[in-house]
């Protein structure tokens, strides 16, 4: 049985931990507001970019001279997985859930005889994936020094992906991140970005079958928009990740604070029982000694 001093030290230690987790929860709640606002502000832009690209790509569907970022290489042999996670932990299953989704896809593709390469954005995903895919990780993008995410950060990652694609290093690129739904709900998501998968959601239907004329032509516009769209999708993923990380951290620190409170209650009860037992023992010894005299 632990002594009273040991129990007092444990109670003091857990109380100190509880103060830290409560402070981290408040910091995460403060950062979540800004991160959520940034993620929600980026969604309409990404959706509108998809609508513009869908309207333009319809005219080039099936043509041999379609841009490579839209049409791809025509092969499916080599895959690049861009895995976006956090730089720090203490956010529950946020990092592991994204890494698990990427790992499952990597295992499936490898089983099909495909070549898999992994570009990690964030230290935590790199630490998880290197246990199984150390030889397949081609790089790590470190964002620990970035205080506020900017489009230039995503554009730098996009430039790296475009350079690899231009050099023929891969045929298909898939982006992994966590979509923010709420403080308690973050959904791991895989999105193919090369070749661009453009959906028809949110696309305006021409009135009475009206035709659009573009100046310059569709090829010139897509040549400029497709690389930009790649950076936009990466930036959108980073913003969603930032909001999801803060939501997961806020939830994890709230659970840790509650668990610390429960542990303090149990230790205090144990301390009181031990102290009462010692007092009772001492009283019995005093009474026994007095009776012996």
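Quick rundown of the values:
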read-out	value
Scan of segment 72-98 for residues that are in contact with a helix residue (DSSP H, G or I) (Cβ under 8 Å, 6 or more places away or on another chain), touching a residue at least 60 places away in the same chain (Cβ under 8 Å) and in a helix (DSSP H, G or I), ordered by number	94, 98
Of residues in segment 173-193 being at pLDDT below 90 and touching a helix residue (DSSP H, G or I) at 6+ places or on another chain (Cβ under 6 Å), the one farthest from residue 250 (Cα to Cα)	193
Qualifying position, being under 23 Å from residue 159 (Cα atoms), buried (at least 17 other Cβ atoms within 10 Å of the Cβ) and at pLDDT below 90, among 72, 125	72
Pairs with Cβ under 7 Å, 6+ apart, first in segment 139-163 and in contact (Cβ under 8 Å) with a residue 12 or more places away in the chain, second surrounded by 15 or more Cβ atoms within 10 Å (Cβ to Cβ) and in a loop (DSSP other than H, G, I, E, B)	143/87; 143/122; 144/87; 153/143
Residue 244 being within 30 Å of residue 142 (Cβ to Cβ) and touching a strand residue (DSSP E or B) at 6+ places or on another chain (Cβ under 8 Å)	yes
Test for residue 262: is it part of a helix (DSSP H, G or I) and either within 23 Å of residue 37 (Cβ to Cβ) or modelled with pLDDT of 90 or more (or both)	yes
Single condition residue 228 does not satisfy, out of (1) modelled with pLDDT of 90 or more; (2) closer than 30 Å to residue 109 by Cα; (3) assigned to a helix (DSSP H, G or I)	(1)
Count of segment 1-39 residues which are part of a helix (DSSP H, G or I), closer than 18 Å to residue 273 by Cα and in contact (Cβ under 8 Å) with a residue 40 or more places away in the chain	5
Residue in segment 146-161 that is farther than 17 Å from residue 239 by Cβ and surrounded by 18 or more Cβ atoms within 10 Å (Cβ to Cβ) present	yes
Unmet requirement for residue 168, which otherwise passes all of (1) at positive phi; (2) part of a strand (DSSP E or B)	(2)
Any hit, segment 102-115, residues being within 12 Å of the chain's Cα centre (by Cα) and either under 30 Å from residue 41 (Cβ atoms) or loosely packed, with under 14 Cβ neighbours inside 10 Å (or both)	yes
Any hit, segment 122-135, residues being in a helix (DSSP H, G or I), under 11 Å from the mean Cα position of the chain (by Cα) and closer than 21 Å to residue 181 by Cβ	yes
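Residue-by-condition table, conditions (1) in contact with a helix residue (DSSP H, G or I) (Cβ under 6 Å, 6 or more places away or on another chain); (2) closer than 25 Å to residue 36 by Cα; (3) at pLDDT below 90:
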{"position": "129", "(1), (2), (3)": "yes, no, no"}
{"position": "138", "(1), (2), (3)": "no, no, no"}
{"position": "143", "(1), (2), (3)": "no, yes, yes"}
{"position": "155", "(1), (2), (3)": "yes, yes, no"}
{"position": "159", "(1), (2), (3)": "no, no, no"}
{"position": "171", "(1), (2), (3)": "no, no, no"}
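The values are calculated or read from the model by the stated rules, or taken from the named source; none is laboratory data. This is a predicted model, so every value here is computed, not measured. Reconstructed Cβ throughout: ideal geometry from the backbone, glycine too, with neighbour counts over all protein chains shown.
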